[in-house]
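Working notes, beginning with the structure itself.
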Amino acid sequence: MSVETPGSQSSLHRANLERVVRAVRRAGALTQAEIARATGLSAATVSNIVRELKDSGTVEVTPTSSGGRRARSVSLSGDAGIVVGVDFGHTHLRVAVGNLAHQVLAEEAEPLDVDASAAQGLERAERLVKSLIARESIDAGKIVGVGLGVPGPIDVGSGVLGSTAILPGWAGTNPRDELAARLDVPVHVDNDANLGALGELVWGAGRGVGDLAYIKVASGVGAGLVINGQIYRGPGGTAGEIGHITLDESGPVCRCGNRGCLETFTAHRYVLPLLHSAHGPDLTAPRMVRLARDGDAGCRRVIADVGRHIGSGVASLCNLLNPSRVVLGGDLADAGELVLGPIRESVGRYAIPSAARQLEIVPGALGGRAEVLGALALVLSEMGDSTLLDGTPPGDTPGTL
């Protein structure tokens with residue numbers, strides 16, 4: 001067996017192969033010119049590498065156009081591997097299956113009270129994943145990993161869910177390791193806001209943007225931060241907790257123990273009761289948005305107030321990180337300008353003018369699918385390239401399920 005010497009032609013060639021595969025894997029599909037720009041390799045080198053990868057069955061090349069000129073689109077082979085995404089929302093469980101070419105092959109959701117029990121939720125996830133794999137006749141041996149999203153703070157190093165009032169039945173558990181044991185495949189875990197950011201970055205309103213913030217408003221409020229094209233989590237995995245910016249020190253007591261956090265003025269659990277007298281205790285966020293779009297004055301006022309408060313938090317992000325785009329996810333995104341207008345108003349008032357002028361605020365393009373697609377993207381971003389080039393599944397071991 002030959003051994004590659006660092007700095008040798010063979011090791012350099014191997015490194016270039018991995019650079020090309022990594023660029024294509026992260027983007028889903030690129031023209032050869034785009035690969036050259038992303039990797040810094042010459043057009044001739046990229047052409048030779050793409051030809052080699054195509055001959056080995058690692059990539060597929062299809063005709064396309066770029067800037068009015070004929071080009072060739074390069075994507076990983078649909079047979080190269082399978083990824084699975086699992087998203088736990090507060091009232092639902094959603095699972096998606098895709099391939100390394102960024103194609104979603106199957107997707108299904110079902111209602112679930114995720115607050116009840118971690119064991120119950122993971123059991124349901126295991127059952128739904130296996131059912132979807134069997135229904136679509138997917139070879140479980142090709143599964144290279146599972147991405148898992150949960151609505152709570154995750155220690156990305158240990159995989160342990162932190163203490164949280166949102167998921168009291170899950171605090172201290174390790175959903176990553178528990179689901180990996182159930183499915184016998186590698187599992188990568190992150191919080192729902194980060195996965196929403198990844199989903200929009202790869203498939204939705206964040207495509208082509210290197211610096212953005214994804215704002216998720218639901219039972220809590222969080223932000224997924226993308227810096228230089230990568231999710232920024234911080235050393236403890238808690239970066240983006242925008243919901244705990246203090247707006248009013250004399251305001252309501254937050255679950256974190258402080259008063260007047262942004263979350264206490266914007267999260268569903270706080271704002272929906274304001275409308276119970278008019279619309280009953282069963283009012284949901286999607287229905288509130290529908291009523292507002294139909295002209296209900298009370299719902300419009302509440303949504304506008306929520307938008308102004310979110311805008312205060314976004315202004316702080318602008319002043320600190322200067323993102324070029326903010327993507328609003330969750331049910332509120334469907335309110336369109338009813339919420340986006342007040343957000344922009346607050347940003348214009350509280351952000352540094354130069355940062356506010358450069359900022360684009362848009363609704364998410366993926367709706368409720370952002371987090372589960374982000375879970376697929378998480379696997380794609382975490383998997384390695386070397387074993388893919390060696391012709392074996394990129395996970396630690398082939399999946400069995």
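Please indicate, with yes or no, whether at least one residue in segment 117-132 is over 21 Å from Ala181 (Cβ atoms) and either in the same structural domain as Gly145 (by TED's automatic domain parsing) or out of contact with any helix residue (DSSP H, G or I) (no Cβ under 9 Å at 6 or more places or on another chain) (or both).
no
Return the residues of segment 29-44 that are assigned to a helix (DSSP H, G or I) and either at pLDDT below 90 or buried (at least 17 other Cβ atoms within 10 Å of the Cβ) (or both); say none if nothing qualifies. Full working, then the answer.
First pass over segment 29-44, keeping only residues assigned to a helix (DSSP H, G or I): 32-39, 43-44.
Gln32, Glu34, Ile35, Ala36, Ala38, Thr39, listed by residue number.
What residue, of Ser77, Ser73, Ser56, is touching a residue at least 60 places away in the same chain (Cβ under 8 Å) and within 27 Å of Leu105 (Cβ to Cβ)?
Ser56
Quick one: which of Ala335, Ala304 is farther than 21 Å from Val209 by Cβ, modelled with pLDDT of 95 or more and in contact with a strand residue (DSSP E or B) (Cβ under 9 Å, 6 or more places away or on another chain)?
The conditions single out Ala335.
Right, Val84: under 29 Å from the mean Cα position of the chain (by Cα) and under 21 Å from Gly367 (Cα atoms) or not?
yes
Mind listing whichever residues of segment 346-366 are hydroxyl-bearing (Ser, Thr, Tyr) and either more than 21 Å from Thr266 (Cα to Cα) or not in a helix (DSSP H, G or I) (or both)? Please lay out each step first, then the result.
Residues of segment 346-366 that are hydroxyl-bearing (Ser, Thr, Tyr), as a first pass: 346, 350, 354.
Scanning segment 346-366 gives a single hit, Ser354.
Any chance you could count how many residues in segment 92-124 are closer than 21 Å to Ser219 by Cα and at pLDDT 95 or above?
Number satisfying all stated conditions: 2.
Check off (1) touching a residue at least 40 places away in the same chain (Cβ under 8 Å); (2) out of contact with any Leu (no Cβ under 8 Å at 6 or more places or on another chain); (3) of a type outside the set (Asp, Glu); (4) surrounded by fewer than 19 Cβ atoms within 10 Å (Cβ to Cβ) for Gly145 and give me the number that stays unchecked.
Going through the list (1) touching a residue at least 40 places away in the same chain (Cβ under 8 Å); (2) out of contact with any Leu (no Cβ under 8 Å at 6 or more places or on another chain); (3) of a type outside the set (Asp, Glu); (4) surrounded by fewer than 19 Cβ atoms within 10 Å (Cβ to Cβ), Gly145 breaks only (4).
Let's see how each residue does on (1) assigned to a strand (DSSP E or B); (2) over 24 Å from Val202 (Cα atoms); (3) in contact with a Leu (Cβ under 6 Å, 6 or more places away or on another chain):
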| position | (1), (2), (3) |
| --- | --- |
| Glu52 | no, yes, no |
| Val61 | yes, no, no |
| Ala71 | yes, no, no |
| Gly85 | yes, no, yes |
| Val97 | yes, no, yes |
| Ala101 | no, no, yes |
| Ala119 | no, yes, no |
| Glu126 | no, yes, no |
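Taking segment 130-164 as the search range and keeping residues that are touching a strand residue (DSSP E or B) at 6+ places or on another chain (Cβ under 8 Å) and of a type in the set (Lys, Arg), which one is modelled with the lowest pLDDT?
Top of the filtered list is Lys142.
For the structure I just gave you, tell me whether Ile343 is on the phi < 0 side of the Ramachandran plot and not in a helix (DSSP H, G or I).
The answer is no for Ile343.
The values are calculated or read from the model by the stated rules, or taken from the named source; none is laboratory data. Quick caveat, the model's predicted, so the values are computed rather than measured. Cβ sites come from the backbone with ideal geometry, for glycine too, and all protein chains shown count toward neighbours.
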